[in-house]
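The values are calculated or read from the model by the stated rules, or taken from the named source; none is laboratory data. Please read all numbers here as calculations on a predicted model, not as lab measurements. So basically every Cβ, Gly included, is an ideal-geometry build from the backbone, and we count neighbours across all protein chains shown. In case anyone asks, the SASA skips ligands and DNA or RNA and just uses the protein heavy atoms, side chains included. Shrake-Rupley method; radii C 1.70, N 1.55, O 1.52, S 1.80 Å.
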2 protein chains.
Amino acid sequence: MAEVPSPAPTGDELLKVLSALGNPHRMRIVAALLESRNYVSALAREIGMGRPLLHMHLQRLEAAGLVVGTLELAEDGKAMKYFEVTPFFYELTPHVVARAAMTITETADRTAKEEAK
Amino acid sequence: MAEVPSPAPTGDELLKVLSALGNPHRMRIVAALLESRNYVSALAREIGMGRPLLHMHLQRLEAAGLVVGTLELAEDGKAMKYFEVTPFFYELTPHVVARAAMTITETADRTAKEEAK
DNA sequence: CGTGCCTGTCAGAAAAGGCTGACAGGTATC
DNA sequence: GATACCTGTCAGCCTTTTCTGACAGGCACG
């Protein structure tokens, strides 16, 4: 059980993880969700944050594979999206970083790309 | 030798490390410096980046404790700042993140703080 | 003394990220 | 039908980060 991506993550993956976790709010969100899985609105109240904003942070974390959200139907029919943290594990060393750095997708070539279309 | 801050980093420390490493340029800088320590101007040429910009990235990495710079005097008297990577090591797990999240210095309270002074 | 290479910093433009209020849809209860 | 929850998205503002060009100083070589 529990897949752990430990050893050699791809550059883009590590980049998403690090930039996702490198934010005070998102770190606290992970902390809150680790204590108990929760749905968006309740979590927003708990940590005192607007829903749209929390929503944005959550999908940033989810895009990085650090949390997962499941849309569940409560008994009374209400649709609520529960989030919980993934058992992720990354080792952060110079070697790992250097290895990942080689496989970074250049997202910085918006030159003569729009026109080609 | 080589101090490794592995187990339970403070929130602010982890925050600095993650946001420092969560950037494509800075990952490449670490990669380049791991191969061989280098001074600013040469490194700038090597990775094709402006000196002022590289300078900024370097001091961001240094502030996070991931690289160290030493100002050395070459034989011909020129002052050159050599950078090299630190043997850092961080474990990234939900538990570590949650633990760090509790010790985050609220830098976001510029409310009734100026007046108190 | 001009040229070259080193160091650093500064102001200001450009891009990215964070944040808010308003809106739309859904289902259940009074 | 009005209220009260839940979900999501969108335009627009504001702050932070990223990036560039120009400038300062230092030391050595021709």
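Do the conditions hold for B:ALA8, that is, is it closer than 24 Å to A:THR103 by Cα and open to solvent by less than 70 Å² (accessible area, probe 1.4 Å)? Before the answer, list the steps.
Numbers: closer than 24 Å to A:THR103 by Cα: no; open to solvent by less than 70 Å² (accessible area, probe 1.4 Å): yes.
So B:ALA8 fails the test.
Which members of the range A:94-105 meet the condition of being within 21 Å of the chain's Cα centre (by Cα) and open to solvent by 30 Å² or more (accessible area, probe 1.4 Å)? Explain how you work it out, then say what you get.
So the first thing to find is which residues in the range A:94-105 are within 21 Å of the chain's Cα centre (by Cα), and the list is A:96-97, A:100-101, A:103-105.
Scanning the range A:94-105 gives A:THR103, A:THR105.
Given the residues A:GLU3, A:GLU13, which is the only one that is modelled with pLDDT under 95, of a type in the set (Asp, Glu) and either at negative phi or open to solvent by less than 20 Å² (accessible area, probe 1.4 Å) (or both)? Spell out the reasoning first.
Working: A:GLU13 fails: modelled with pLDDT under 95.
Result: A:GLU3 is the single residue among A:GLU3, A:GLU13 that is modelled with pLDDT under 95, of a type in the set (Asp, Glu) and either at negative phi or open to solvent by less than 20 Å² (accessible area, probe 1.4 Å) (or both).
Quick check on A:GLU91: is it in a strand (DSSP E or B), surrounded by 12 or more Cβ atoms within 10 Å (Cβ to Cβ) and touching an Asp or Glu at 6+ places or on another chain (Cβ under 7 Å)?
Working: in a strand (DSSP E or B): yes; surrounded by 12 or more Cβ atoms within 10 Å (Cβ to Cβ): yes; touching an Asp or Glu at 6+ places or on another chain (Cβ under 7 Å): yes.
Criteria met by A:GLU91.
For the range B:14-59, name all the residues that are away from DNA strand C (no atom under 11 Å from the Cβ), in contact (Cβ under 8 Å) with a residue 24 or more places away in the chain and more than 10 Å from chain A (Cβ to nearest Cβ).
Listed by number, the residues that qualify are B:ARG37, B:MET49, B:HIS57.
Could you grab me the full set of residues in the range B:63-87 that are within 11 Å of DNA strand D (Cβ to nearest atom) and either open to solvent by less than 50 Å² (accessible area, probe 1.4 Å) or at positive phi (or both)?
Selection gives B:ALA74, B:GLY77, B:MET80.
How many residues are within 30 Å of A:ALA101 (Cβ to Cβ) and open to solvent by 20 Å² or more (accessible area, probe 1.4 Å) when one looks only at the range A:32-62?
Residues in the range A:32-62 being within 30 Å of A:ALA101 (Cβ to Cβ) and open to solvent by 20 Å² or more (accessible area, probe 1.4 Å): 5 in total.
What do you reckon, is B:TYR90 of a type in the set (Phe, Trp, Tyr), more than 10 Å from DNA strand D (Cβ to nearest atom) and away from chain A (no Cβ under 14 Å)?
Numbers: of a type in the set (Phe, Trp, Tyr): yes; more than 10 Å from DNA strand D (Cβ to nearest atom): yes; away from chain A (no Cβ under 14 Å): no.
Spelling it out, it is not the case that B:TYR90 is of a type in the set (Phe, Trp, Tyr), more than 10 Å from DNA strand D (Cβ to nearest atom) and away from chain A (no Cβ under 14 Å).
So which residues in the range A:26-70 are assigned to a helix (DSSP H, G or I) and polar (S, T, N, Q)? Explain how you work it out, then say what you get.
Filtering the range A:26-70 down to residues assigned to a helix (DSSP H, G or I) leaves A:26-35, A:40-47, A:51-63.
The answer is A:SER41, A:GLN59.
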